[in-house]
Amino acid sequence: MRTLPQTPALDGWLVRAGFTGQQSVFVGDALSRKSWVMATININYEKLCTCYLFPEVTRQLKVFAEKNPGAQLYRLDVSDNTQLSVPTVVNGLTQTSERLSQSNTCGYDRHYQGEEFLRQAIGNHYDERGVKLGLDEIFVNDGAKSDIGNIQTIFGPQNVVAVQDPTYAEYVDTNVMAGRAEAHNSITCQYAGIAYMPCHERNLFFPEPPTQKVDLIYLCCPNNPTGAVATHEQLKSFVEYALKLQAIIIFDASYAAFITDPKLPRSIYEIEDADRCSIEINSFSSSCGFADLRLGWTVVPKNLSTEDAPAGKLNVLWHRRQSTFFNGPSIIAQYCGAAALSPDGRRECQAIVDRTLDNARLIRDALNSRSLVCYGGQHAPYIWAKSPSGMRSLDFFDKLLSEAHVVTLPGSSYGPHGEGFVRLSAFARRECVERASASIKENLRV
Ligand code: PLP
């Protein structure tokens with residue numbers, strides 16, 4: 001409660017107490033009691049921890065630039081996949097702008113789930129892997145990140161969340177914001193209340209199902225940052241866990257297009273009965289060059305159920321959520337998405353994937369030539385390189401920067417089990433990758 005400042009009387013207006021859960025009071029009453037409740041914030045946001053490593057990485061880059069003015073840096077840290085280099089998609093873009101200029105589009109008379117032609121194309125894409133989906137189970141989005149963040153809103157606030165460690169930060173942060181975690185521990189670098197599934201060399205960076213009962217399990221496969229990919233058996237063990245304990249798997253398949261071995265599953269629905277316990281999220285960003293256009297999709301099967309929701313209910317809730325908060329992705333992106341999934345588009349997108357994986361091969365070869373151990377990069381655009389002689393992530397980051405002028409990301413910024421590794425991204429221009437690889441071979445002292 002705050003002491004009321006001198007203000008004119010506003011009798012009859014309702015003051016809402018908001019998050020405090022207090023009863024609404026009339027302004028007149030609040031004025032006479034000389035006390036009020038202000039608007040308040042979602043205090044869960046206050047729990048969010050900004051990794052201390054990012055400012056440190058920025059500081060080290062600044063120090064390097066000051067000491068080495070004009071030195072060429074090879075940036076394999078953040079992904080440089082902004083080039084829209086798929087001719088069929090560029091054609092789609094031009095045709096859609098013509099349609100738009102003639103007002104020949106749908107305006108608000110549109111499907112919140114995404115236009116049918118695109119959902120049909122996405123459905124066909126699954127069909128090829130033997131997965132049958134109904135069009136009403138596919139929800140097109142403006143990139144995977146939005147749905148990764150929003151999907152948790154259809155689940156109860158008490159649900160216990162499990163994530164891989166190391167992990168893509170969005171799975172954790174969005175659940176912290178939603179109140180599913182307690183305080184951040186600066187020593188363990190973990191939140192109380194979240195279950196972390198360790199990923200290390202012994203399990204080749206794909207975890208076993210949790211030993212405790214959890215409700216929502218986030219899996220990223222192929223994985224950012226480790227580049228690990230799960231086998232059929234490994235995914236089956238998660239599906240069995242989820243079915244037995246009525247948990248839901250949220251499967252981020254954003255990098256599925258990078259899986260080269262046809263025996264490895266590209267979708268969780270290739271596992272029997274996974275449609276009873278899994279939601280899958282995917283993206284056009286990395287494999288089709290859509291990081292700027294923004295497009296992806298989420299599958300919420302009608303067979304999904306929870307303890308308190310019969311089959312079909314989660315699909316209805318997600319539809320309700322999307323039609324309230326979202327008007328569907330831009331029609332431009334949707335036409336481009338259909339172009340990317342056309343036979344020509346797919347051939348051209350495959351060329352992006354092949355080029356990226358070839359970049360990964362060059363980077364791996366360079367690291368191996370210095371006797372460094374690395375993982376990933378074979379079915380994923382990320383290489384997970386082990387620091388030499390037990391060096392910490394940040395020191396290895398610094399070594400690669402100062403000796404080879406290659407910028408990476410310290411593995412420990414993705415979670416405690418990332419300590420002792422750095423992540424290198426193969427999403428870079430070829431020339432940059434070639435020079436970075438040559439510099440590692442010539443200049444890195446191991
Ligand atoms: N999922 C993972 C694992 C990612 O690494 C990223 C982007 O870095 C995304 C999702 C976001 O993809 P989009 O561009 O479709 O939002």
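The values are calculated or read from the model by the stated rules, or taken from the named source; none is laboratory data. This structure is a prediction, so every number in the text was calculated from the model and none was measured. A quick note on method: Cβ atoms are made from the backbone with ideal geometry, for glycine too, and the neighbour counts reach across all protein chains shown. Ligands, DNA and RNA are stripped out before the accessible areas are found, and what is left, the full protein with its side chains, is counted by its heavy atoms. Shrake-Rupley method; radii C 1.70, N 1.55, O 1.52, S 1.80 Å.
Summary of the geometry: the range 111-163 and the range 39-75, compared by the centres of their Cα atoms, lie 33 Å apart.
When the Cα convex hull of the range 87-344 is projected onto planes of every orientation, the mean area is 14.2 nm².
Here the label points at Met177 and Asp273, each 7 Å from Cα along the C-beta direction, are separated by 3.5 nm in the simple model.
With the simple model of a label 7 Å out from the Cα in the direction of the Cβ, Glu128 to Arg361 spans 2.1 nm. The range 311-345 and the range 247-305 have their alpha-carbon centroids 14 Å apart. Applying 1/(1 + (r/R0)^6) with R0 = 30 Å to the Cβ-Cβ distance of Asp261 and Thr94 gives a FRET efficiency near 0.25. Relative to the current alpha-carbon distance between Thr211 and Lys441, full extension at 0.36 nm per residue lengthens the span by 78.5 nm.
Our coupling estimate for the range 152-167, obtained by passing each phi through the Karplus curve with A = 6.51, B = -1.76, C = 1.60 and θ = phi - 60°, is 5, 5, 8, 10, x, x, 8, 4, 8, 9, 10, 9, 6, 10, x, 8 Hz, Gly and Pro reported as x.
Give me the extension gain from Val373 to Glu66: residue separation times 0.36 nm, minus the current Cα-Cα distance, reported in nm with one decimal.
Extra length from Val373 to Glu66 when fully extended: 107.4 nm.
Under 24 Å of direct C-alpha separation, and excluding same-chain neighbours fewer than eight residues apart, Lys132 reaches these lysines: Lys236, Lys244, Lys263, Lys302, Lys313.
Report for the chain the percent antiparallel among DSSP-assigned beta bridges with both residues inside it, nearest 5. Approximately 60 percent, going by the DSSP bridge assignments.
Excluding same-chain neighbours fewer than eight residues apart, the aspartates and glutamates reachable from Lys213 by a Cα-Cα span under 16 Å are Glu240, Glu307.
On a full-extension model of 0.36 nm per residue, what is the gain between Asn42 and Leu135, subtracting their alpha-carbon distance, rounded to one decimal in nm?
Values: separation 93, 0.36 × 93 = 33.48 nm, distance 3.62 nm.
Answer, rounded to one decimal: 29.9 nm.
In what sequence, largest accessible area first, do Cys106, Cys220 appear using a 1.4 Å probe?
Details: Cys106 40, Cys220 5 Å².
The ordering from most to least exposed comes out as Cys106, Cys220.
Given a Förster distance of 56 Å, report the FRET efficiency between Ala309 and Thr50 from their Cβ-Cβ distance, rounded to the nearest 0.05.
Numbers: r = 35 Å, r/R0 = 0.63.
That pair, Ala309 with Thr50, gives E of 0.95.
For the range 156-275, the fraction of C-alpha pairs farther apart than 21 angstrom is 36 percent. For the range 243-278, applying the loop criterion from DSSP together with a ceiling of 11 other beta carbons within 10 Å to the trypsin sites (Lys or Arg not before Pro) yields Lys263.
Taking the range 111-180, how much of its Cα-Cα pair set, in percent, is spaced more than 17 angstrom apart? Value for the range 111-180: 56 percent of Cα pairs lie more than 17 Å apart. Cα-based values for the chain, radius of gyration first and Dmax second, are 24.3, 78 Å.
Taking the helices alone, the chain has a mean residue ellipticity at 222 nm of -11000 deg cm²/dmol, built from -39,500 (n - 2.57) per DSSP H run of at least 4 residues and averaged over all its residues.
Our compactness index for the range 229-315, the C-alpha radius of gyration over the empirical 2.2 N^0.38 Å, is 1.16. Stokes-Einstein, applied to the Kirkwood radius of the range 36-148 over Cα pairs at a viscosity of 0.692 mPa s and 37 °C, places its translational diffusion at 162 µm² s⁻¹.
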